[in-house]
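See below for the structure under consideration.
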Amino acid sequence: MERIAVIDFETNGLSPGSSCRATEIAVILVENGKMVDRYQSLMNAGVWIPSDIERLTGISNRMLKSAPPASEVMQEAARFVGNTPLLAHNASFDKKFWDYELGLLGQRRTQDFACSMLLARRLLPQAPNHKLGTLNRYLGLPDTGRAHRALADTEMAANLALYLASHLQQHYGLAEVTHGLLCKLQKQPAAKVKVWLQGLSV
DNA sequence: TGCCAGGCCCTCTTTAGGGCCTT
């Protein structure tokens with residue numbers, strides 16, 4: 001698979017805004033079937049983490065106090081990603097935080113997001129559910145550490161993306177799985193995905 | 001004070017409702 005940037009945000013809520021911001025980001029660059037580089041940092045956006053989210057992520061208000069400013073971290077993350085195509089699990093979530101945080105820097109995203117959740121729903125409809133952790137266990141992928149921390153979740157999403165790319169190559173004889181193909185695939189109606197893929201492999 | 005997301009997808013659908021998934 002061509003070079004892609006897999007990302008994951010931890011946040012203090014579900015929808016970005018003045019009181020809801022990213023608290024941690026991780027990015028893993030994947031190229032030729034391998035993870036080749038990574039970036040991870042907590043970030044302090046001056047927001048409060050409610051206790052239920054602190055329990056979920058393990059990221060505390062005390063940890064954020066000593067974390068670098070969000071603007072600094074996002075500058076670094078944006079530079080690290082550059083124009084590399086993006087992928088995340090349930091990308092609609094990470095996309096809105098990526099766009100919001102970049103917008104505060106006066107920057108705009110130029111590349112598309114592929115979504116490992118939409119892809120897994122199409123390629124692995126038999127899975128118990130399509131949560132990241134469930135898919136990881138269901139497929140026997142490596143344990144990456146504490147779930148709901150950005151780097152561990154990004155590694156899970158990267159392993160899942162590599163599995164899905166390999167699945168496409170093995171089951172449909174695709175010579176190369178590109179980010180563009182993944183973006184088209186995730187938009188296909190689930191009921192028609194097999195026929196669509198079989199058409200590609202001819 | 002009280003409010004508290006949103007895109008995707010299925011179905012007992014399309015003049016809608018509700019579950020999934022992310023924190």
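The values are calculated or read from the model by the stated rules, or taken from the named source; none is laboratory data. In this text, all values refer to a predicted model and were calculated from it rather than measured experimentally. Neighbour counts run over all protein chains shown; Cβ positions are idealised from the backbone, glycine included. For the accessible areas, the whole protein counts, side chains as well, though only heavy atoms, and no ligand, DNA or RNA atoms are used. Shrake-Rupley method; radii C 1.70, N 1.55, O 1.52, S 1.80 Å.
Values for this structure:
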quantity	calculated
Distance between modelled label sites at A:Asn129 and A:Phe80, nm, 7 Å Cα→Cβ extension	2.9
Accessible area (Å², 1.4 Å probe, nearest 10) - A:Glu155	40
Probe 1.4 Å, all protein chains present, accessible-area order of A:Leu102, A:Leu141, largest first	A:Leu141, A:Leu102
For A:Arg122, solvent-accessible area (1.4 Å; no DNA, RNA or ligand), Å²	50
Fraction of beta bridges assigned by DSSP in the stretch A:1-122 that are antiparallel (%, nearest 5)	75
Mean Cα-pair separation over length for the stretch A:4-200, i.e. relative contact order, pairs under 8 Å, 6 or more apart, %	22
Dipole magnitude of chain A about its Cα centre (Cβ charges: Lys, Arg +1; Asp, Glu -1), debye to nearest 20	520
Percent of beta bridges antiparallel (DSSP, the stretch A:19-71, rounded to nearest 5)	90
Percentage relative contact order, the stretch A:26-91, counting C-alpha pairs under 8 Å, at least six apart	30
Dipole magnitude of the stretch A:84-187, debye to nearest 20 (Cβ charges: Lys/Arg +1, Asp/Glu -1, about Cα centre)	300
Selection from A:Leu56, A:Ser41, A:Leu185 lying farthest towards where the dipole of the stretch A:4-200 points positive, charges on Cβ	A:Leu185
1.4 Å probe accessible area per residue over chain A, in Å²	49
